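The values are calculated or read from the model by the stated rules, or taken from the named source; none is laboratory data. From a predicted model like this one, the values you see are computed outputs, not experimental measurements. In this analysis, Cβ positions are derived from the backbone assuming ideal geometry, glycine residues included, and neighbour counts consider all displayed protein chains. These area figures cover heavy atoms from the full protein model, side chains too; ligands, DNA and RNA do not enter into them. Shrake-Rupley method; radii C 1.70, N 1.55, O 1.52, S 1.80 Å.
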Amino acid sequence: MTMFIRLLGRRLAALPIMLLGVTVMVFIVLSVVPADRATAVLGENASEEAKEAWREERGLNASLVVQFLRYLGGVIRLDFGVTNPPEESVATKIASAFPVTLQLTFLGIVLAVVLALTLGITAALYRDRWPDQAIRIFSIAAIATPSFWLAILLIQWFALPEGSIFPTGGLAWAEQYGFVGWLYSMALPALALGIPVSASLIRVVRTSMVEELDRDYVRTAIGNGVPYRTVVARNVLRNALVTPVTVLGLRVGYLLGGAVVIEKIFSLNGMGDLIVVGLTTSDTNLVQGAVLTIAVAFVLVNIVVDLLYLAINPRIRTV
C-alpha cells in the first residue's frame, strides 16, 4: 500500500506539468494552421476592415504569448471559449460529445482485452500447433486491416442486409430500447475499433506467456506436483500480463484517435464530430478544446496503467 501511495503521489505531482505541456503543444500546433477564423465567420466577401475589427474584438491580434495566457486561464476554469456563430459554449458541446467517445473507447478496450487474453493464452498453450497457427493468421490479417475499412465491411455485412439486427449508425436504438439498444448500436463500432488493437495485443500476450512458460520456476513447480493449470493461472498469467498492460496503455491513444474516425462512419455524435466540424469551419476554439480533452484523457489513462503495473507485479520499483 505504501508503494502504491508513493507511485500515485509521484504521478499526481507530475500531472500539472504534463497537462501544461499538452496545452502548450495543442495551442502551438493549432496556432500555426493557416486558417483564418475571421474569414470563416464573416465570409469571403467581408471587407478587411470588418475582419480586422472581428479579430480585434476577440483578441486575436495580440501576440501568441498573450493569447496563450488568456487561453490557459480559460482552460484552468474549464472555459474553452465559444464556437463560431451561432456562438455556443465549447465546454458544453464537449460535455455532450465526450461521453459518447468514452463509451465507444471503453467497449473497444473491453473487446480488445477479451480477444487478446483468450486467443493469446490459447496460442501460447498450444504453441506451434494448429490453434497457434490459426490465431497467428488471424492476428496478422487483423493488424493489416484499417479500422475504417473494417467498419465499412461490418456495415455491409451486418447492418445493410434486410432483416439485420444492427443499425447502420446513430444512437436512436439506445433512446428507444435502453441499454439493449445502446449495446446493439455500439456493437459494430466497438468491433471495428477493438479488433485491430486486439491483434497486436494477441502477439504480445502470446510472446509473454511463452517466455514465462519456459522459465525454470514453472518446471520446478510442476516437478513438485503442482497442477499445470494452477501454475499457469496463479503464476505464469500474472507475470506475463505486465508487458501487455504496458502495450495496452500505449494503444489507448490509438483507440481514442480511432474512435474519432469510427464515430463519423457510424454517425455517432462524439468528439470526432466536433473535430471534423471544427476543422471544416475553421473553428479553432472547438478543435483546441476537443483535441486537448482527448490528450488529457490519454495522459490520465496512462497514469492508471502505471498504477496497474504495481497491482499486477508488486516487485516493480521504478516509476
Limiting things to C-alpha atoms, what are the Rg and the maximum Cα-Cα separation (Dmax) for the range 192-242, in angstroms? 13.4, 46
Which whole-number percent gives the relative contact order of the range 62-194, counting Cα pairs below 8 Å spaced six or more residues apart? 22
Quotient of C-alpha Rg and 2.2 N^0.38 Å, computed over the range 1-137: 1.69
Going by Cα centres, the range 98-174 and the range 175-224 are how many Å apart? 11
Considering Cα pairs under 8 angstrom that are at least six residues apart, work out the relative contact order of the chain and quote it in whole percent. 25
Accessible surface, the range 48-89, averaged per residue in Å² (probe 1.4 Å): 67
Kindly report, to the nearest 10 Å², the accessible surface of Phe298 as traced by a 1.4 Å probe over protein heavy atoms only. 70
Top to bottom by accessible area (1.4 Å), largest first, where do Val291, Val231 land? Val291, Val231
Counting heavy atoms of the protein chains only and a 1.4 Å probe, report the per residue accessible area for the range 138-292 as a whole number of Å². 48
With all protein chains present, the chain has a carbon and sulfur share of its accessible area (1.4 Å probe) in percent of 66
Could you sort Thr39, Thr280 by their accessible area in this structure, using a 1.4 Å probe and putting the largest first? Thr280, Thr39
Where in the chain are the DSSP H helices whose C-alpha atoms run 15 Å or more along the long axis and whose mean Kyte hydropathy is at least 0.5? 2-31, 64-76, 90-125, 130-143, 147-158, 172-213, 242-265, 284-312
Two-decimal Rg/Rh across the chain, once Rg and the Kirkwood Rh are taken from alpha-carbon atoms: 1.06
Would you mind telling me which residue in Leu111, Leu19, Leu268 has the biggest mean-square fluctuation in a Gaussian network model of the chain, where springs connect alpha carbons within a distance under 10 angstrom? Leu19
Using only alpha carbons, build the gyration tensor for the range 186-319 and give me the equivalent ellipsoid semi-axes, biggest first, whole Å. 41, 17, 9
For the range 36-121 the trypsin sites (Lys or Arg not before Pro) that pass both the DSSP coil test and the at-most-10 other-Cβ-within-10 Å test are Arg77
The longest stretch of the chain containing none of the GluC sites (Glu not before Pro) that sit in a DSSP loop with at most 16 other Cβ atoms within 10 Å is 163-319
